[in-house]
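Where a number appears in this text, it was derived from the coordinates with a stated rule and is not lab data. Computed from a predicted structure; not experimentally measured. Heads up, the Cβs are rebuilt from the backbone with ideal geometry, glycines too, and the neighbour counts pull from every protein chain shown.
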Amino acid sequence: MRLDIRWFPTVTSTMDVAAEAAEAGAGEGLVIVAEEQTAGRGRRGRTWSSPPGAGLYVSFVFRPSLEAGPASLLSILTLAAGVAVRRAITQATGFAPELKWPNDVVVGRRKLAGILAEGVGIGTHAQTVVLGVGINVSRASHPVEIADRATSLEAHLGQPIERESVLEELLVQLPHAYDHLRRGDAGDILRSWRQASGSALGSAVEWTTLDGLRRGTTAGIDDDGALRVRTAAGTERVVAGEVRWL
Ligand code: BTN
């Protein structure tokens, strides 16, 4: 895939810039990279703290064909991005972080990177996915509410890390993982994801449903990317909503 990489010193969110460009007709392979985001966002309306120069803030535009796209396209793409981000970090630094369902790249309980998949026109021939990746590279002052839940490559590894080398690897690994999916080969992604996520097996979790609070023990992910959780009532699939790790 040919990449069209556009760099910006400051944006509200690379998601917005990528979505606007996609709406204006930009093709698959557009990549928006920003030095700083003033309104970086995470899942479920959270903000993604994006101080200048402290991390990588990148969004990719993909236009998966309807035939290649399973019903669970966004879930699988999110897992593929997790695998790609982990590989990129490993290639650039030698360190292999853990993946935590559905979209976190973590060191222990601290978040190192996050992934956000936003779809436009999913299920139509014009379906477009903007896939955002945020990687904390150096120590930065984050708002207090996330400071004790986040870490960075430099904080964890105790040495300077070049953002450019992580970015270079990301620009290789993410399109590569996406290509696997495009060819209908989710097997490699699912295998790699499962190997990288200890917490997907045997961890205590709880989540809220319309019927109330549920508790159980994680039992891996299925081939659609849903989390399987063993509860007193049997094994359930968790596809959306927030799982709390206990
Ligand atoms: C999450 O873990 O909640 C997802 C975080 C995703 C952050 C990235 S940074 C680049 C892109 N632009 C954004 O505003 N968000 C994503």
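Starting from the Kirkwood Rh over alpha-carbon pairs, what translational D in µm² s⁻¹ does the stretch 143-246 have by Stokes-Einstein at 4 °C and 1.567 mPa s? Write down the numbers at each step before the final one.
Working: Rh = 16.6 Å.
For the chosen part, D equals 78 µm²/s.
Any idea how far the Cα center of the stretch 46-67 sits from the one of the stretch 194-225, in Å?
25
Hey, could you grab the Kirkwood Rh for the stretch 154-206? Inverse mean 1/r over distinct alpha carbon pairs, Å, one decimal.
Computed over the stretch 154-206, the radius equals 13.8 Å.
If you plug each phi of the stretch 10-21 into the Karplus form 6.51 cos²θ - 1.76 cosθ + 1.60 with θ = phi - 60°, what whole-Hz ³J(HN,Hα) values come out, in order, with x for Gly and Pro?
9, 9, 5, 8, 5, 4, 5, 5, 5, 5, 5, 5
Give me Rg/Rg_expected for the stretch 4-196, where Rg uses Cα atoms only and Rg_expected = 2.2 N^0.38 Å with N residues.
0.96
Which length gain, in nm to one decimal place, applies between residue 213 and residue 2 when the Cα-Cα distance is subtracted from 0.36 nm times their residue separation?
Once the chain is fully extended between residue 213 and residue 2, it gains 71.3 nm.
Report the net charge of residues surrounding residue 99, where surrounding means a beta-carbon distance below 13 angstrom and charges are Lys +1, Arg +1, Asp -1, Glu -1. Walk me through the intermediate numbers first.
Values: positive: 86, 87, 100, 111, 191, 194; negative: 98, 104.
Value of the local net charge: +4.
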